[in-house]
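Working notes for the structure below.
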Amino acid sequence: MTRPQPATSSRARAARPPWAIAAEAARGLALALLFCLTWSAAQAETAKLRVATRIVPPMVVEKNGTLSGFSIELWNSIGQRLNRETEYLVLPDVSELLDAVGSGRADLAIAAISITSEREDKFDFSLPIMNSGLQILVRGTAVNVEANPLRELMQLFVSRTLLVWLGIALLLILVPAHLMFLVERTHHSGIIPTRKYFPGIFHAMFWAAGTLATQADQMPRHWMARIVAVLWMFTGVVFVAFYTAQLTASLTVQQIRGPINGPQDLVGKTVGTTRGSTATAYLNEVSAHMVEFEKVDDLYNALLKQQVDAVVFDAPALLYYTTHDGQSSARIVGEVFHREDYGIVFPTGSPLRKQVNEALLGLRERDIYQRIYEEWFGKR
Ligand code: GLU
C-alpha cells in the first residue's frame, strides 16, 4: 500500500530562498511600471489637444457658438494629419493665450499671434503660418467724409505752397515794374507820374501786380513799355493758370486724404488697438494716446463712435473688416508698416512643435494651405 504523498507545494514555496522572492517581486513591479508607462504614453498620444485661441476675424471667427476662420481651419487640418482631436479654449486676449501655454493650461495656442523676439525667448513658435504687420484704419470711405472745406481753405492760405507762390510772384513783379518805371516815367503822358524812385517804383509795382492777376487798369504809352506790358500780360495768364491748378489739386487731395494718412500722423492722436498686442508696444514708442480694447469688435466700434481717431491693428484683420462689415464706414490708410508673421505657440521644448511643422509643410505641399487661405482672403 502506498502511503499518500504529502502535499509538497506549500512546503517547497516556504523553502524558497528570500532572494528568489525578491527577484520575483522586482520583476512584477517592473512589469507594472512598464505597463503604466506604455499606457500613459498611449493616453498622451490619443488625448485631446488643448488649443487656446481668441476671436480675431478672419483668423478666428465665432458664429452661433461654432469656431471657424483661417487659423481654425488650418489647425483642424493639422490636427487631422496628426490624428489628434482638439479641444478649443477661447480666451479674451493675446496675453492670456500666452499665459495659458506658459502655465500648461493649453498645449498650444493659435489665433493671430505674431512671432516676436521677446515671445520667442519664452516660448517656441511653429514655422510662420501667415504674413502680417500693422496698418491704420480710419473712419470714412474713399472720399474723406469728415472733410471741413472751410478749415482746409484756411489751412491752404497759410500753407507753404501758397507762400512759395507769393514769393515767386513778388520776385516776378520786380522785373516789369523796373522796366516800366525806367521807360514810362520819361513819357509826358506815361502812367508813372513821378521821376522819383520810391513813389515811382511803388506805382510801377502796383501796376505789375494788377496785370499779373489779369486786372490791368492802365496801359503804358511808351512803345517799349507797351511791349513789356503785352509780354507781362501773357505771363500773368500763365501764372494764374498754374496757380489755379495748384490750388485745385491741393484742395482735391485734402478732400480725399484725411488728417491721418500714415504712421507719421499718429503723433498726439487717440489711437485704439487690442490689449497686449504688438501694436501696443509700437504705439508706446510713438507719442500717441493709446486706448486698449479686449474684443476686436469693440475696437472697430470705438472708431465708428469717434472714441478714437484711428485704429492700429493687424493688416489681415483690417483688410477683412474693410471688405466686410466696415465696407461703408472705414478705410485703411498707408502701407503695412510693421511687418510680422503669425505662428503657433508652444511651451518651450514641446515635442509637438516638430510634428506640427511637418504637418504644416505637408499642407503647403498639397495646396490645402492655399485653399484655406483663398477661402478667407481671396486669391493673391
Ligand atoms: N498680432 C497681434 C499680436 O500678436 C495681435 C493679436 C490679437 O490682438 O489677437 O500681438
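Can S350 be described as touching a residue at least 12 places away in the same chain (Cβ under 8 Å), surrounded by 15 or more Cβ atoms within 10 Å (Cβ to Cβ) and assigned to a loop (DSSP other than H, G, I, E, B)? So S350 fits the description; yes. Which one is nearest to the chain's Cα centre (by Cα) among residues in the stretch 327-344 that are surrounded by fewer than 20 Cβ atoms within 10 Å (Cβ to Cβ) and small (G, A, S)? This residue is G334.
Using the structure shown, decide if I110 is closer than 24 Å to G272 by Cα, out of contact with any Ser or Thr (no Cβ under 9 Å at 6 or more places or on another chain) and touching a residue at least 12 places away in the same chain (Cβ under 8 Å). Quick ask: steps written out before the conclusion?
Values: closer than 24 Å to G272 by Cα: yes; out of contact with any Ser or Thr (no Cβ under 9 Å at 6 or more places or on another chain): no; touching a residue at least 12 places away in the same chain (Cβ under 8 Å): yes.
It is false that I110 is closer than 24 Å to G272 by Cα, out of contact with any Ser or Thr (no Cβ under 9 Å at 6 or more places or on another chain) and touching a residue at least 12 places away in the same chain (Cβ under 8 Å).
Here I136 meets each of (1) under 21 Å from the mean Cα position of the chain (by Cα); (2) hydrophobic (A, V, I, L, M, F, W, C); (3) within 14 Å of the ligand (Cβ to nearest atom) with one exception, condition (3).
Out of the residues in the stretch 116-160 that are among the β-branched types (V, I, T) and at pLDDT below 95, state the one that is surrounded by the fewest Cβ atoms within 10 Å (Cβ to Cβ). By that ranking, first place goes to V158. Does at least one position in the stretch 150-167 carry a residue that is out of contact with any Gly (no Cβ under 8 Å at 6 or more places or on another chain) and within 16 Å of the ligand (Cβ to nearest atom)? No, the stretch 150-167 contains no residue that is out of contact with any Gly (no Cβ under 8 Å at 6 or more places or on another chain) and within 16 Å of the ligand (Cβ to nearest atom).
Hey, does the stretch 255-270 have a residue that's within 16 Å of the ligand (Cβ to nearest atom) and either buried (at least 18 other Cβ atoms within 10 Å of the Cβ) or of a type in the set (D, E, K, R) (or both)? Looking through the stretch 255-270, none of the residues is within 16 Å of the ligand (Cβ to nearest atom) and either buried (at least 18 other Cβ atoms within 10 Å of the Cβ) or of a type in the set (D, E, K, R) (or both). Could you tell me whether any residue of the stretch 192-203 is surrounded by 15 or more Cβ atoms within 10 Å (Cβ to Cβ), out of contact with any Phe, Trp or Tyr (no Cβ under 9 Å at 6 or more places or on another chain) and at pLDDT below 90? No, that holds for no residue. Annotation: of all residues in the stretch 60-96 being touching a Leu at 6+ places or on another chain (Cβ under 9 Å) and assigned to a loop (DSSP other than H, G, I, E, B), the one that is nearest to the ligand (Cβ to nearest atom) is L91. With respect to the stated conditions, T214 is under 52 Å from the mean Cα position of the chain (by Cα) and not in a helix (DSSP H, G or I). For the residues V291, V286, V296, V230, the requirement of being among the β-branched types (V, I, T) and over 29 Å from the mean Cα position of the chain (by Cα) singles out V230.
Against the numbered list (1) closer than 30 Å to P259 by Cα; (2) of a type in the set (G, A, S); (3) not in a helix (DSSP H, G or I), G167 comes up short only at (3).
Taken as a whole, the condition of being out of contact with any Leu (no Cβ under 8 Å at 6 or more places or on another chain), at pLDDT 95 or above and within 18 Å of M59 (Cβ to Cβ) does not apply to K305.
Against the numbered list (1) surrounded by fewer than 21 Cβ atoms within 10 Å (Cβ to Cβ); (2) within 14 Å of the ligand (Cβ to nearest atom); (3) touching a residue at least 12 places away in the same chain (Cβ under 8 Å); (4) part of a helix (DSSP H, G or I), D99 comes up short only at (3). The single condition from (1) modelled with pLDDT of 90 or more; (2) in a helix (DSSP H, G or I); (3) over 28 Å from the mean Cα position of the chain (by Cα) that F35 fails is (1).
Selection of the stretch 102-130 for residues being assigned to a loop (DSSP other than H, G, I, E, B) and near the ligand (Cβ under 10 Å from one of its atoms) yields A111, A112, I113, I115, T116. The residues on offer are T235, T141, T186, T194, and the sole one that is part of a loop (DSSP other than H, G, I, E, B) and touching a helix residue (DSSP H, G or I) at 6+ places or on another chain (Cβ under 9 Å) is T194.
The values are calculated or read from the model by the stated rules, or taken from the named source; none is laboratory data. Quick caveat: nothing in here was measured; it's all calculated off a predicted structure. Reconstructed Cβ throughout: ideal geometry from the backbone, glycine too, with neighbour counts over all protein chains shown.
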